[in-house]
Amino acid sequence: MPRNPRGFLGTWGLVLLVIAVLVLALLFLGSARQRGGVSATISQRVWGNVTVVPTGVSVPYARLYVLVDNNPWDSLQASWGLSIFVETPWGNVLFDTGPDPGTLAYNAKRLGINPCNVSAVVISHEHMDHVGGLPYIARHCPDVPVYVPSGISSSVLSWIKSLGLHNIRVVNTTTIVVPGIYVLPPLWGPPAEESLAINTSRGLVLLVGCSHPGVARIVKHAEQLLHERILLLMGGFHLAWAPRNEVEKIAKELVGLGVEYIAPIHCSGSLMHSILASKYPSHYIGAHVGTVVVIGDGCSIICVR
Ligand SMILES: [Fe+2]
């Protein structure tokens, strides 16, 4: 039977039409993704309680405000504890909350910071000098996600819930809280403690609460997870009661691990300040309550004020 040329052309025409539609659809999706750029990534990742492998996303700049610290400055309240406000163009994070709501509120107001203007509150570990300001968050912004380390004791977790915070997220692996900002999986001290990594355009910033698992161990953990050396290490190193030889050993180890700038505060101890200042002055940042560290944003690398 002779083949019907119109039918033959019709079948192949249909196949070609389907292929053309698929190619056009792929081209359109590709260009849309390119146009979306960073904002597309943000909309997919922000509020991520999902645990994901970090990407190459970095924040153009970050400002770190030491809201609570026991190293005094000016007329700010110096209470034993730690809280650092992280400001970036893609979202802010409050890292720890200090020992009480009053110190957090007072210093934040003096520094022109709203502790509720955040995408996340990250709690390094369960000790009261880090969680004690949570009633402020519960009172003023109870919907903000609060990230706590897996391994936190049930009694402290119950207390946090009893404050009225209803968006508590338990971290057990690397977790994006804002594009370019990661909570790292906790290490056991005791207690369980998690750290915050900020991938800036100038390099990696690592914030530590009290370093109960060991500050050098936390740095190694971060460098292994994120495949990058640390530009700035800031926070409590838990060496306030350590003998000189141990503090010297750890300072040397941190420099040897490639940490470019080191800002010990809170429980790091005065020995760590003096050893860094005398032996490794190019690495040392002397910080205290009220210190603002800027990474990028007009600074070639880091500015301190
Ligand atoms: Fe502490």
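The values are calculated or read from the model by the stated rules, or taken from the named source; none is laboratory data. Just so it is clear, the model here is predicted, and its values are computed rather than measured. Note: ideal-geometry Cβ built from the backbone for every residue, glycine included; neighbour counts use all protein chains shown.
General observations
- Within the span defined as the stretch 215-224, every residue fails to be within 16 Å of the ligand (Cβ to nearest atom) and free of Cβ contacts under 8 Å to residues at least 24 places away in the same chain.
- Single match in LEU64, LEU82 (criterion: crowded, with 19+ Cβ neighbours inside 10 Å, of a type outside the set (Lys, Arg) and within 13 Å of the ligand (Cβ to nearest atom)): LEU82
- When ILE275, ILE265, ILE230, ILE250 are checked against the criterion of being within 16 Å of the ligand (Cβ to nearest atom) and either at negative phi or not assigned by TED's automatic domain parsing to the domain that holds HIS127 (or both), ILE265 stands alone in meeting it.
- Taken over the stretch 189-232, the criterion of being of a type outside the set (Ser, Thr, Tyr) and under 12 Å from the mean Cα position of the chain (by Cα) is satisfied by GLU194, LEU196, ALA197, ILE198, ASN199, LEU204, VAL205, LEU206, LEU207, VAL208, GLY209, ALA222.
- Exclusive hit being farther than 28 Å from PRO135 by Cβ, crowded, with 18+ Cβ neighbours inside 10 Å and of a type in the set (Val, Ile, Thr), set VAL148, VAL219: VAL219
- Only residues that are crowded, with 18+ Cβ neighbours inside 10 Å and within 14 Å of the ligand (Cβ to nearest atom) were counted in the stretch 88-142, giving 17.
- Extreme residue, surrounded by the fewest Cβ atoms within 10 Å (Cβ to Cβ), among residues of the stretch 269-298 that are in contact with an Asp or Glu (Cβ under 8 Å, 6 or more places away or on another chain) and under 18 Å from ILE230 (Cα atoms): HIS283
- For HIS266: the one exception among (1) touching a residue at least 60 places away in the same chain (Cβ under 8 Å); (2) surrounded by fewer than 18 Cβ atoms within 10 Å (Cβ to Cβ); (3) in contact with an Asp or Glu (Cβ under 7 Å, 6 or more places away or on another chain): (2)
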